[in-house]
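Novice: This structure is in C-alpha cells; I'll ask about it shortly.
The values are calculated or read from the model by the stated rules, or taken from the named source; none is laboratory data. What you are looking at is a predicted structure, and each value in this text was computed from that prediction instead of being measured. Here Cβ is always computed from backbone atoms with ideal geometry, including for glycine, and neighbour counts include all displayed protein chains. SASA here: full protein model, heavy atoms, side chains in, ligands and nucleic acids out. Shrake-Rupley method; radii C 1.70, N 1.55, O 1.52, S 1.80 Å.
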Amino acid sequence: MQYEFDFASVLANWPQFLEGAWMTILLSFPATVFGFVGGTLLAIGRRGHTPWVAKACGAYVEVLRNTPLLVQVFLVFFGLASLGWKVPAFAAALLTLVINVAAYTCEIMRAGMDSIHKGQIEAAECLGLTRRQVYWHVVLRPAMEKVYPALTSQFVLLMLASSITSQISVEELTAIAARVQSETFRPFEAYILVAVAYLLLSLLMRAGLWLFGQIVFTRQRKLRSAK
C-alpha cells in the first residue's frame, strides 16, 4: 500500500499553526517563571525548621508528582466549575502547569540547596550576614547554578506537556493539529508538522535558557573572582 504525502493542504493553514505556537509560548513562559518562583519557595519551606510547613510542602510535592498532569488539568477546569468557580480554559491550563512544574522545581532546587556545604553557610553567618542574605548569596544562587541544566530540561518538558491542555479546548499547537486534520483529512502530515514545530520550540527554548544562564552565571563568577 502506497501513501502519497500531501503537505500542501495542511500548510495552507499555516496562520492557525502560528497562532497555536504563540498560544503554546503564552502558556509556557509564565508557567516557567511562576513555577520556578513557587518551586523555590516550596524548597525553602521543605528545608525549613518548621515541621508543619516542611510536611505540607512535602505532601504537595508528592501529590503533584504522583498524579497525571491530565487528571490535574481536569480537576482544575471541571472541578472548580462544579464548585461554582468557572475558570476560563486558558487560565485553568496555566494554573495547572504552574502548580505542576512547581512540584518538580522544588525537588530540583532542594537538591541544589542540599549540595551547599554547611561550612559555607556557617562562614557567611560568622561574617554577620542576615538569614536572607545567606540564603540569597550563599545558598540560592550557587544552588541554582548547579542545577540549572536540570531546570532547563524540566522547563522544556513543561512546554511539551502543555499539549495536554488541548483536552480542555485550549487552542495550542496540538489542538490546532486536531482541527486541521479533521478539515483536511491529513492526520499524518498535520502531526508531522506539529512534531517539527515542537522540536523547533524546544531548541529555541533551550537556546534562550542557555543564553540566560551564560549571562547570569558568568557575571556571578566574575564578581566572585573579583572579590
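Novice: Based on DSSP H assignment, which helices of the chain show an axial Cα extent of at least 15 Å together with a mean Kyte-Doolittle hydropathy greater than or equal to 1.0? Write out the running numbers ahead of the final one.
Specialist: Values: long enough: 14-47 (48 Å, 0.85); 51-65 (21 Å, 0.55); 89-114 (38 Å, 1.25); 141-161 (28 Å, 0.68); 173-184 (16 Å, 0.35); 187-226 (58 Å, 0.86).
Result, helices passing both filters: 89-114.
Novice: For Ser9 and Leu199, what does the FRET efficiency come to when R0 = 35 Å and r is the distance between their Cβ atoms, rounded to the nearest 0.05? Each step should come with its number before you reach the end.
Specialist: Values: r = 22 Å, r/R0 = 0.63.
It comes to 0.95.
Novice: While we're on this one: How fast does the chain diffuse by Stokes-Einstein, in µm²/s, taking the Kirkwood radius from C-alpha pairs at 10 °C and 1.306 mPa s? Working shown, then result.
Specialist: Working: Rh = 19.8 Å.
Result for D is 80 µm²/s.
Novice: Rank His49, His117 by accessible area, highest first, at a 1.4 Å probe radius?
Specialist: His49, His117
Novice: Any chance you could run the full-extension gain for Ile192 through Thr67? It's 0.36 nm times the residue separation minus the Cα-Cα distance, nm to one decimal.
Specialist: 42.1 nm is the gain from fully extending Ile192 to Thr67.
Novice: Taking N as the number of residues in segment 16-87, what is its Cα Rg relative to 2.2 N^0.38 Å? Don't jump to the answer; show the numbers that get you there.
Specialist: Working: Rg = 15.8 Å, N = 72, 2.2 N^0.38 = 11.2 Å.
Normalised Cα radius of gyration, segment 16-87: 1.42.
Novice: By how many nm would the segment from Cys126 to Leu75 lengthen if fully extended, with 0.36 nm per residue of separation less the alpha-carbon distance?
Specialist: Working: separation 51, 0.36 × 51 = 18.36 nm, distance 4.84 nm.
This chain segment gains 13.5 nm when fully extended.
Novice: If you don't mind, another one. State the three equivalent ellipsoid semi-axes of segment 42-131, derived from the C-alpha gyration tensor as the square roots of 5 times its eigenvalues, in descending order and whole Å.
Specialist: On the way: eigenvalues 251, 31, 28 Å².
Each semi-axis is √(5λ); the values are 35, 12, 12 Å.
Novice: Rounded to the nearest 10 Å², what accessible area does Lys118 have for a 1.4 Å probe in the complete protein model?
Specialist: We get 150 Å² for Lys118.
Novice: With runs of 4+ DSSP H residues as the only contributors, calculate the mean residue ellipticity of the chain at 222 nm using -39,500 (n - 2.57) per run, divided by the residue total and rounded to the nearest 500. Don't jump to the answer; show the numbers that get you there.
Specialist: Working: 9 runs with 167 residues, N = 227.
Using -39500 (n - 2.57) per qualifying helix, the result is -25000 deg cm²/dmol.
Novice: Can you tell me which of 206-216, 139-149, 66-76 comes out highest on packing, and rank the rest after it, using the mean Cβ neighbours within 10 Å?
Specialist: On the way: 206-216: 12.7, 139-149: 17.9, 66-76: 15.5.
In descending order of packing, they fall as 139-149, 66-76, 206-216.
Novice: How many lysine pairs does the chain hold where the Cα atoms are under 26 Å apart and the two sit 8 or more places apart or on different chains? Intermediate results must be reported in sequence, preceding the final value.
Specialist: Numbers: Lys55/Lys118; Lys55/Lys146; Lys118/Lys146; Lys118/Lys222; Lys118/Lys227; Lys146/Lys222; Lys146/Lys227.
Total qualifying Lys-Lys pairs in the chain comes to 7.
Novice: Taking all protein chains in place and a 1.4 Å probe, what share, in percent, of the accessible surface of the chain do carbon and sulfur account for?
Specialist: On the way: 9160 of 13290 Å².
Taking all protein chains in place, the chain shows 69 percent carbon and sulfur surface.
Novice: Determine how many Å³ per residue the convex hull of the Cα atoms of segment 100-220 encloses.
Specialist: Residue-normalised Cα hull volume stands at 112 Å³.
Novice: First select every other residue whose beta carbon is under 12 angstrom from the beta carbon of Glu62; then total the charges, Lys and Arg +1, Asp and Glu -1. Provide the component values of the computation, followed by the final result.
Specialist: Values: positive: Arg46, Lys55, Arg65; negative: Glu107.
So the surrounding residues net to +2.
Novice: Continuing with the same structure: In square angstrom, what is the accessible area per residue of the chain with a 1.4 angstrom probe? Numbers along the way, then the final one.
Specialist: Working: 13290 Å² over 227 residues.
So the chain comes to 59 Å² accessible per residue, rounded to a whole number.
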